[in-house]
There are 2 protein chains.
Amino acid sequence: MVRIRTRDEILRVAGELFTRYGFKGTSLHDIAAEVGCSKATLLYHFAHKDAILLALVEPARQSLIDLVARLAGVDDKGIRVAAIEGFIDLVLRYRREVALIYDVTPQFLQEPRFAAMRELTEALRAGFAGRSADPADHIAAEVLLGGIAAVVIDDKRDEVELRPALVAVARRALIPGKD
Amino acid sequence: MVRIRTRDEILRVAGELFTRYGFKGTSLHDIAAEVGCSKATLLYHFAHKDAILLALVEPARQSLIDLVARLAGVDDKGIRVAAIEGFIDLVLRYRREVALIYDVTPQFLQEPRFAAMRELTEALRAGFAGRSADPADHIAAEVLLGGIAAVVIDDKRDEVELRPALVAVARRALIPGKD
DNA sequence: GTCTATATTCGGATAGAC
DNA sequence: GTCTATCCGAATATAGAC
């Protein structure tokens, strides 16, 4: 039972170090030292360094897939509110993972498993824009998508304080006549 | 006259490569090969790799200092519009430099010359929030600041199309009753 | 000012014993 | 499953000739 615990411990430590020093700023040596094992042990549990990060962000990626699938079933009238609240809930739940993904972008967008991420964020963007074809709505959606992500990464406030403020600013910016 | 041209050429090439492959993704070898000189020549003109990037973003940094100084003289009534338009004009003018700064953040925020950048963006943030003390206004300002930066970095549209859309979404989001 | 050659450090990854 | 030892490549930076 020590076996499985080592793997979990690697993920825990790597998550902390990647968050604090960035992915490139954290070496296998750093992780091994903190875990109290050798680099070889790291690479017994994970094929390579990238695989550690992939494992860390996998739950967030799955949640994004679920959200996009759910939005596909929402009609045009409710799409903006559903996309805004769904996205904000998602990034607040996975703040650390969002920070990690932004840290390694765009390098990881070439990873096969992350190539599909483009389509996912594009679907989300369309939801923010209320499925409008107007470029101005498209741009506004991008501003909010990027801005909300930036805030959950940098801001130290907790989600209880952030959530209503984020929802409010997104609604003002994206839904006409709602302020 | 070849002397000064080599330095300029290094900056030109480094700007391209940093933009395309990122700062860490570009080695001195890469730059030297593209310029057609040796790594040693690079380090004759610049003390180290970081100095090349600092030189590239210096004009943008100066413009930000100027903008913040200008905003200090604007009264509360006009501060939000002045901050919004000033910031958007700035980042549209220095799109490449903004992308570079975001690429190397937060590592470079520890650089002495860039430590002051925190105060600068904080002043800008206060302007976006209309100098309000309400945390919700603070958060909304952060969303717009980060979102606008994200768009000028990623979006391929030209500034003629981006500028009015960015100003419009920022005004809707930040200035009550103006949509 | 520019070069070649090299020092040095560091990082990811592998081999093979236990 | 975990270790020690080691390899290999990459990258920044320096030394010294021209």
Legend entry - So A:G22, is it on the phi > 0 side of the Ramachandran plot and more than 25 Å from the chain's Cα centre (by Cα): no
Exactly one of B:A149, B:A133, B:A116 is among the hydrophobic types (A, V, I, L, M, F, W, C) and modelled with pLDDT under 95, and that residue is B:A116
Of the listed residues (A:I88, A:I52, A:I79, A:I84), the one being within 16 Å of DNA strand D (Cβ to nearest atom), at pLDDT 95 or above and crowded, with 18+ Cβ neighbours inside 10 Å is A:I52
Going through the stretch A:25-44 in order, the residues found to be within 20 Å of A:F108 (Cβ to Cβ) and within 11 Å of DNA strand D (Cβ to nearest atom) are A:S27, A:L28, A:L42, A:L43
Check: Right, A:F114: closer than 25 Å to A:V160 by Cα and more than 16 Å from DNA strand D (Cβ to nearest atom) or not?
Finding: no
The residue from A:E34, A:E16 that alone is among the acidic types (D, E), away from DNA strand C (no atom under 14 Å from the Cβ), surrounded by 12 or more Cβ atoms within 10 Å (Cβ to Cβ) and away from chain B (no Cβ under 14 Å) is A:E16
A:L124: passes all of (1) more than 11 Å from chain B (Cβ to nearest Cβ); (2) more than 14 Å from the chain's Cα centre (by Cα); (3) crowded, with 17+ Cβ neighbours inside 10 Å but (2)
Taking the stretch A:148-168 and the residues there that are free of Cβ contacts under 8 Å to residues at least 12 places away in the same chain and part of a helix (DSSP H, G or I), the one that is surrounded by the fewest Cβ atoms within 10 Å (Cβ to Cβ) would be A:V160
Filter the stretch B:37-54 for residues that are within 14 Å of DNA strand C (Cβ to nearest atom) and among the charged types (D, E, K, R); the one that is nearest to A:K24 (Cα to Cα) is B:K49
When the stretch A:158-177 is checked residue by residue, the ones that are within 7 Å of another protein chain (Cβ to nearest Cβ) and either among the basic types (K, R) or touching a strand residue (DSSP E or B) at 6+ places or on another chain (Cβ under 6 Å) (or both) are A:R172
message = Going by what's in this entry, would B:R118 be described as under 13 Å from the mean Cα position of the chain (by Cα) and farther than 18 Å from B:Y94 by Cβ?
response = yes
Does A:R61 satisfy being in a helix (DSSP H, G or I) and within 14 Å of chain B (Cβ to nearest Cβ)?
-> no
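The values are calculated or read from the model by the stated rules, or taken from the named source; none is laboratory data. Fair warning: this is a prediction, and the values are worked out from it, not measured in the lab. FYI the Cβ positions are ideal-geometry reconstructions off the backbone, even for glycines, and counts take in every protein chain you see.
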